[in-house]
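Written out below as structure tokens is the structure these notes cover.
The values are calculated or read from the model by the stated rules, or taken from the named source; none is laboratory data. Since the model is a prediction, treat every value here as computed from it, not as a measurement. Virtual Cβ from ideal backbone geometry, glycine too; neighbours counted across all protein chains shown. Remember, those area values only see protein heavy atoms, side chains included, never the ligands or the DNA or RNA. Shrake-Rupley method; radii C 1.70, N 1.55, O 1.52, S 1.80 Å.
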There are 2 protein chains.
Amino acid sequence: MKGTAAIVGGGVIGGGWTARFLLNGWNVRVFDPDPEAERKIGDVLSNARHGLPMLYDCALPPEGALSFHPSIGEAVEGAEWIQESVPERLELKHATLAEIQAACDPLAVIGSSTSGFKPSTLQQGAARPEQIIVTHPFNPVYLLPLVEVVSSGQTAPSILAKTKAILGAMGMHPLVVRAEIDAHIADRLLEAVWRESLWMIDDGIATTQEIDDAIRFGFGLRWAQMGLFETYRIAGGEAGMEHFIRQFGPALQWPWTKLMDVPELTEELIHKLVDLSNAQSGHMTIRELERKRDNNLVAMLRALKQQGSAAGRLLLDHERRLRPALAPAANLMTARRVVPTDWTDLNGHMNESRYGQVFSDAAEAVMALVGADEDYIASGLSYFTVETETKFLAETHAGERFVVHTRVTEGARKKIRCFHEMRRETDGTLLATCDQLMIHVDLAKRRACEPPEVVQQKIEALAALHASAGGLPDA
Amino acid sequence: MKGTAAIVGGGVIGGGWTARFLLNGWNVRVFDPDPEAERKIGDVLSNARHGLPMLYDCALPPEGALSFHPSIGEAVEGAEWIQESVPERLELKHATLAEIQAACDPLAVIGSSTSGFKPSTLQQGAARPEQIIVTHPFNPVYLLPLVEVVSSGQTAPSILAKTKAILGAMGMHPLVVRAEIDAHIADRLLEAVWRESLWMIDDGIATTQEIDDAIRFGFGLRWAQMGLFETYRIAGGEAGMEHFIRQFGPALQWPWTKLMDVPELTEELIHKLVDLSNAQSGHMTIRELERKRDNNLVAMLRALKQQGSAAGRLLLDHERRLRPALAPAANLMTARRVVPTDWTDLNGHMNESRYGQVFSDAAEAVMALVGADEDYIASGLSYFTVETETKFLAETHAGERFVVHTRVTEGARKKIRCFHEMRRETDGTLLATCDQLMIHVDLAKRRACEPPEVVQQKIEALAALHASAGGLPDA
């Protein structure tokens, strides 16, 4: 499903919509009176072209055509979707919608990015209220899937259906809000946190950094994959949501926030909550939910570790202290660890592609041992792998412990060759082997060169030790 | 840094502390009067033993010794750290702390897991108030790094220093809260969202599922890596936090939440906020922050995709619709995509281990083409890779597009052999090749077997087509 979208208002949000449509193959026609609009949208597009295609393990469709137009009337011509993202002032929204409706196809969707206004408020005085709907996205629009979709009694059901279909086809999640309220759902939660946070800043309790850390090292990680209620269902233990609400309900009367306009905790509210939570998550036991939560957390934390960001940076620091120092030995143990959940297919077997990771890490341990460590690489020299021959001998699963032993089989001038054996730790089963050839490289010239004498000597000593040891030990 | 920890109260939180200490090599002595405590802690430990070691790319230290004790006095004997996690009732906390102090080392840290009480409240009537401190963790304690550390004027500075050092050595993030308030920092934010959410349930605006979706498909993903303020600094564009607060400040007076006890937005508060945000993130431009945010989001979303969970499930669905159907051809394009950020080292080069991923995916496309697709695997048959020979010829970077062409070079009975060529799409540079041998396997018996005739015929036809085409096309 592809067509033409018109973007009215090209700020951070309008630019994000432009990118989401364009990279999903739609033609996009932009109107924004700001003379800088084209540059600003170009900036957003450059981020989107970097990020969005990376989410997928196949190519996105070819980009649509992008054009800029001097008037709303010209921009909306022939568009199946018109997205209004002008500043949050009602009279401006009304004037913009009137101008859009004066020129657009009466069957087009007119979505408003409004954070706060209800659709019925936007529809006041409109020529065709039935084609106006709230489609509230989240920044960055090209990466985050959520769109709050809010219709009023006047919005045509066909417009709602078309809205859901088009957003879904672009990989977004249209969350249909069942009743109109100011600020819809997500921004009510955000506003509550924002107000509480401003109190803490105002009262000198915490800095912005400390509040951010309190979120991203703790509950932010839970919310990214489960949200609030499913997380609390787990916290209630085997008795689930009912236990949780009866235990923590009384805190509603305590000064745990400065925001004290609380709902009354009636039995009716308790039962409503429990029923909704059962409908949402009742098909899984608490234990299953816990395992799912933990696997999601492990995968996300490892993703952040790979980026060196947020909670992932803590992991890197901790790991640096955990990793044992390696000494030259006939029996060189270059890895010892478990198979993490993000290395497996959906059946829990370690994916064949991750054996490459195992042996690459083992080689890195050997490199560090001979002095070709992080500092060495920073100085402009390194070893590059040029060839590997891998044999896959037995399967392994998420959580299983394994060890890798490595022998240096060749180490002369520019070359170093390693032979790795990966074994299950519990029973010594040989899981895989790898014969790996590396060459020494000048990183500036991107060309092979000889390593410094001190490194060369260590490699030769190791190769001699391993040759005289006559092969790898039995596990 | 390892020693002995005593855990007083072994519920979800106490069990989580037990796991965090034990798996970091500490001996742990538990007191809990619940006859089910040992089983319950065993359940938490089994989750922790699955999850925590997976975070690291090396082994954790050997586990410490776990023991259960019939009295608080016996449990705390000889412990350097005592963690109190009894229910949130002040008289119970006071009685428990008194019993702990009657038997414990006066130099030990006594940390309380309290969600709401201030340390000075807990210290009332204590024999040695100076050794009591709040150490408030987040569930699951064995995976989430955040611990809010709150001391009062009576807490000894040496206890605070020891607390930070021990938590840090276990990979946790001790967030020292600079002033005592009810519910510290994180629970104030949680409580605000909880109250607002209960209003929405009570008013019939949204279900628990819809509120969770509004979080996990949107701002939850932002918060997991940046929190609130750094996210809003970006939303303010080049003018940062000052622009944001002046633009959205007026909303504090709007009914965007039912929680209306708001702080007054004075110039002083605005400047305080801007200064704090500058101190936190001013060393990076908005553009750098955006790129960092986007890379984190891509890596986390891909982690969730690999788990088939939350926003990752949406991506899988979208990808299924994006992926082109492959037809038998002399020139078989088995992959076309970009290098995602989670496949690279910190310098943005594609890590050598990911070439295995590329060729494994390419082989999967060939398998699907001959009928050995997901349904086939579900029926109990599959192909396993037994050997690969990979040549690494040129480098590639995050964001670069590449294609893989595959030729079936052998396809008889149980065997199939593929030769893959991976090229940069823009200039056709050959990046790597892989010669891959697979055998057909009965998944129940985990043993080689012949494929059904219909699959065998398709493989032979493909091998014949590729043999007659005489090699791969030039790019």
>> Tell me whether region B:320-334 contains one or more residues that are touching a helix residue (DSSP H, G or I) at 6+ places or on another chain (Cβ under 9 Å), facing chain A (nearest Cβ under 8 Å), open to solvent by less than 30 Å² (accessible area, probe 1.4 Å) and among the charged types (D, E, K, R).
In response: no
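So is residue A:72 crowded, with 20+ Cβ neighbours inside 10 Å, in contact with an Asp or Glu (Cβ under 6 Å, 6 or more places away or on another chain), of a type outside the set (Gly, Ala, Ser) and more than 13 Å from residue A:13 (Cβ to Cβ) or not? Explain how you work it out, then say what you get.
Details: crowded, with 20+ Cβ neighbours inside 10 Å: yes; in contact with an Asp or Glu (Cβ under 6 Å, 6 or more places away or on another chain): yes; of a type outside the set (Gly, Ala, Ser): yes; more than 13 Å from residue A:13 (Cβ to Cβ): yes.
Spelling it out, residue A:72 is indeed crowded, with 20+ Cβ neighbours inside 10 Å, in contact with an Asp or Glu (Cβ under 6 Å, 6 or more places away or on another chain), of a type outside the set (Gly, Ala, Ser) and more than 13 Å from residue A:13 (Cβ to Cβ).
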If we keep only residues of region B:93-122 that are open to solvent by less than 10 Å² (accessible area, probe 1.4 Å) and farther than 23 Å from residue B:71 by Cβ, then the residue nearest to the chain's Cα centre (by Cα) is B:116
### Task
Report yes if residue B:143 is in contact with a strand residue (DSSP E or B) (Cβ under 9 Å, 6 or more places away or on another chain), buried (at least 22 other Cβ atoms within 10 Å of the Cβ) and not in a strand (DSSP E or B), otherwise no.
no
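From the list A:116, A:73, A:14, pick out the single residue that is more than 18 Å from residue A:159 (Cβ to Cβ) and within 11 Å of chain B (Cβ to nearest Cβ). It would help to see each step written out before you state the result.
Details: A:73 fails: within 11 Å of chain B (Cβ to nearest Cβ); A:14 fails: within 11 Å of chain B (Cβ to nearest Cβ).
Exactly one of A:116, A:73, A:14 is more than 18 Å from residue A:159 (Cβ to Cβ) and within 11 Å of chain B (Cβ to nearest Cβ), namely A:116.
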Scanning region B:387-396 for residues that are buried (at least 20 other Cβ atoms within 10 Å of the Cβ) and touching a Cys at 6+ places or on another chain (Cβ under 8 Å), the one farthest from residue B:441 (Cα to Cα) turns out to be B:390
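Just give me the residues in region A:123-132 being open to solvent by 10 Å² or more (accessible area, probe 1.4 Å) and of a type in the set (A, V, I, L, M), in sequence order. Quick ask: steps written out before the conclusion?
Of all residues in region A:123-132, those open to solvent by 10 Å² or more (accessible area, probe 1.4 Å) come to A:124-130.
Listed by number, the residues that qualify are A:126, A:127.
Does region B:407-418 include one or more residues that are at the interface with chain A (Cβ under 10 Å from one of its Cβ atoms) and either out of contact with any Lys or Arg (no Cβ under 6 Å at 6 or more places or on another chain) or touching a residue at least 24 places away in the same chain (Cβ under 8 Å) (or both)? Walk me through it before giving the result.
Quick first cut of region B:407-418, residues at the interface with chain A (Cβ under 10 Å from one of its Cβ atoms) only: none.
No: zero hits.
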Per the filter on region B:74-92, residues within 28 Å of the chain's Cα centre (by Cα) and of a type in the set (Asp, Glu) are B:84
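Could you please let me know if residue A:308 is within 7 Å of chain B (Cβ to nearest Cβ) and either without any contact (Cβ under 8 Å) to a residue 60 or more places away in the chain or among the β-branched types (Val, Ile, Thr) (or both)?
Values: within 7 Å of chain B (Cβ to nearest Cβ): yes; either without any contact (Cβ under 8 Å) to a residue 60 or more places away in the chain or among the β-branched types (Val, Ile, Thr) (or both): yes.
It is true that residue A:308 is within 7 Å of chain B (Cβ to nearest Cβ) and either without any contact (Cβ under 8 Å) to a residue 60 or more places away in the chain or among the β-branched types (Val, Ile, Thr) (or both).
Please indicate, with yes or no, whether at least one residue in region B:460-473 is under 38 Å from the mean Cα position of the chain (by Cα), outside any loop (DSSP other than H, G, I, E, B) and over 30 Å from residue A:386 (Cα atoms). Let's see the steps before the verdict.
Quick first cut of region B:460-473, residues under 38 Å from the mean Cα position of the chain (by Cα) only: none.
Checked against the condition, which is being under 38 Å from the mean Cα position of the chain (by Cα), outside any loop (DSSP other than H, G, I, E, B) and over 30 Å from residue A:386 (Cα atoms), region B:460-473 yields no hits at all.
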Reported set for region A:14-41 where residues are out of contact with any Phe, Trp or Tyr (no Cβ under 9 Å at 6 or more places or on another chain) and open to solvent by 30 Å² or more (accessible area, probe 1.4 Å) is A:33, A:34, A:35, A:36, A:39, A:40
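What do you reckon, is residue A:184 modelled with pLDDT under 95, in contact with a strand residue (DSSP E or B) (Cβ under 6 Å, 6 or more places away or on another chain) and either not assigned by TED's automatic domain parsing to the domain that holds residue A:211 or not polar (S, T, N, Q) (or both)?
Numbers: modelled with pLDDT under 95: yes; in contact with a strand residue (DSSP E or B) (Cβ under 6 Å, 6 or more places away or on another chain): yes; either not assigned by TED's automatic domain parsing to the domain that holds residue A:211 or not polar (S, T, N, Q) (or both): yes.
When the stated conditions are applied, residue A:184 passes them.
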Check your understanding: Scanning for something surrounded by fewer than 17 Cβ atoms within 10 Å (Cβ to Cβ), away from chain A (no Cβ under 13 Å) and under 28 Å from residue A:53 (Cα atoms), does region B:372-386 turn up at least one residue?
Key -> yes
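Given the condition open to solvent by less than 40 Å² (accessible area, probe 1.4 Å) and among the acidic types (Asp, Glu), answer yes or no: does some residue in region B:46-63 qualify? Outline the logic, then answer.
Just the residues of region B:46-63 that are open to solvent by less than 40 Å² (accessible area, probe 1.4 Å), to begin with: B:47-48, B:50-61.
Remaining after also requiring among the acidic types (Asp, Glu): B:57.
The answer is yes; a qualifying residue exists.
Are any of the residues in region B:197-207 in contact with an Asp or Glu (Cβ under 7 Å, 6 or more places away or on another chain) and either of a type in the set (Asp, Glu) or modelled with pLDDT of 90 or more (or both)?
Applying the first criterion (in contact with an Asp or Glu (Cβ under 7 Å, 6 or more places away or on another chain)) to region B:197-207 yields none.
No, region B:197-207 has no match at all.
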| Do we have residue A:168 as in a helix (DSSP H, G or I), more than 7 Å from chain B (Cβ to nearest Cβ) and open to solvent by less than 30 Å² (accessible area, probe 1.4 Å) here? | yes
Only unsatisfied item for residue B:357, checking (1) more than 7 Å from chain A (Cβ to nearest Cβ); (2) open to solvent by less than 40 Å² (accessible area, probe 1.4 Å); (3) closer than 28 Å to residue A:385 by Cα, is (1)
With the first residue restricted to region A:358-387 and required to be in a helix (DSSP H, G or I), and the second required to be buried (at least 17 other Cβ atoms within 10 Å of the Cβ) and modelled with pLDDT under 90, Cβ contacts under 6 Å at 6 or more apart or on different chains are A:360/B:352; A:360/B:353
Pairing a residue in region A:131-146 that is polar (S, T, N, Q) with any residue that is modelled with pLDDT of 95 or more and not in a loop (DSSP other than H, G, I, E, B), where Cβ atoms lie under 6 Å and the two sit 6 or more apart in sequence or on different chains, gives A:131/A:110; A:131/A:159; A:135/A:111; A:135/A:147; A:135/A:149
Residue pairs within 7 Å by beta carbon, gap of at least six or interchain, first lying in region A:6-31 and within 15 Å of residue A:68 (Cβ to Cβ), second charged (D, E, K, R) and open to solvent by less than 10 Å² (accessible area, probe 1.4 Å), listed first then second, are A:8/A:84; A:9/A:84
Screening A:393, A:431, A:381 for residues that are among the aliphatic types (A, V, I, L, M), assigned by TED's automatic domain parsing to the domain that holds residue A:363 and more than 16 Å from residue A:354 (Cα to Cα) leaves only A:381
Expected output for region A:329-354 (first residue more than 16 Å from residue B:357 (Cα to Cα) and modelled with pLDDT of 90 or more, partner surrounded by fewer than 21 Cβ atoms within 10 Å (Cβ to Cβ) and of a type in the set (Val, Ile, Thr), Cβ below 7 Å, 6+ apart or cross-chain) is A:333/A:403; A:335/A:403; A:336/A:403
Listed by range, helices (runs of 4 or more DSSP H) wholly within region A:263-342 having at least 1 residues that are under 27 Å from the mean Cα position of the chain (by Cα) and β-branched (Val, Ile, Thr) are A:286-307
